[in-house]
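Undergrad: Got a structure for you, written out below as structure tokens; questions coming shortly.
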């Protein structure tokens, strides 16, 4: 569990990134308050709190991204290609950009 100092730092970063994202979830574009938002670490390293590693998201998208990424990491190369192709066909543009970029 993060200590008070770590939680405050995460909150400051969330505020900065949320401002850049115009107070919207980085995946579904839902309007978020800072209290509703969560920090999604692109590289899954909770200590890597650089702004370019953080996507502020709603709780629903954060959980979805972590589930998708866990499945993706454990999949074979061929299955990964099929997963990406399937997701890109139906994904909203912000999610598609995150997966490709």
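The values are calculated or read from the model by the stated rules, or taken from the named source; none is laboratory data. This is a predicted model, so every value here is computed, not measured. Reconstructed Cβ throughout: ideal geometry from the backbone, glycine too, with neighbour counts over all protein chains shown.
Undergrad: Just checking, how many residues over the range 34-51 are modelled with pLDDT of 90 or more and not in a strand (DSSP E or B)?
TA: Adding up the residues that qualify gives 4.
Undergrad: Considering only the range 70-78, I want to know if a residue exists there that is without any contact (Cβ under 8 Å) to a residue 24 or more places away in the chain, under 17 Å from residue 25 (Cβ atoms) and surrounded by 12 or more Cβ atoms within 10 Å (Cβ to Cβ). Steps first, please.
TA: Within the range 70-78, the subset without any contact (Cβ under 8 Å) to a residue 24 or more places away in the chain is 70-78.
Now drop any that are not under 17 Å from residue 25 (Cβ atoms), which leaves none.
No, there is no match, as no residue in the range 70-78 is without any contact (Cβ under 8 Å) to a residue 24 or more places away in the chain, under 17 Å from residue 25 (Cβ atoms) and surrounded by 12 or more Cβ atoms within 10 Å (Cβ to Cβ).
Undergrad: Given the condition outside any helix (DSSP H, G or I), surrounded by 14 or more Cβ atoms within 10 Å (Cβ to Cβ) and modelled with pLDDT of 85 or more, answer yes or no: does some residue in the range 80-93 qualify? If you could, list the steps in order and put the result at the bottom.
TA: Here is the first cut: in the range 80-93, the residues outside any helix (DSSP H, G or I) are 91-92.
Now narrow it down to the ones that are surrounded by 14 or more Cβ atoms within 10 Å (Cβ to Cβ): 91.
Then keep just the ones that are modelled with pLDDT of 85 or more; that gives none.
Among the residues of the range 80-93, not one is outside any helix (DSSP H, G or I), surrounded by 14 or more Cβ atoms within 10 Å (Cβ to Cβ) and modelled with pLDDT of 85 or more, which makes the answer no.
Undergrad: What residue, among those in the range 16-65 that are more than 22 Å from residue 3 (Cα to Cα) and free of Cβ contacts under 8 Å to residues at least 12 places away in the same chain, is surrounded by the most Cβ atoms within 10 Å (Cβ to Cβ)?
TA: Only one residue fits best here, namely 24.
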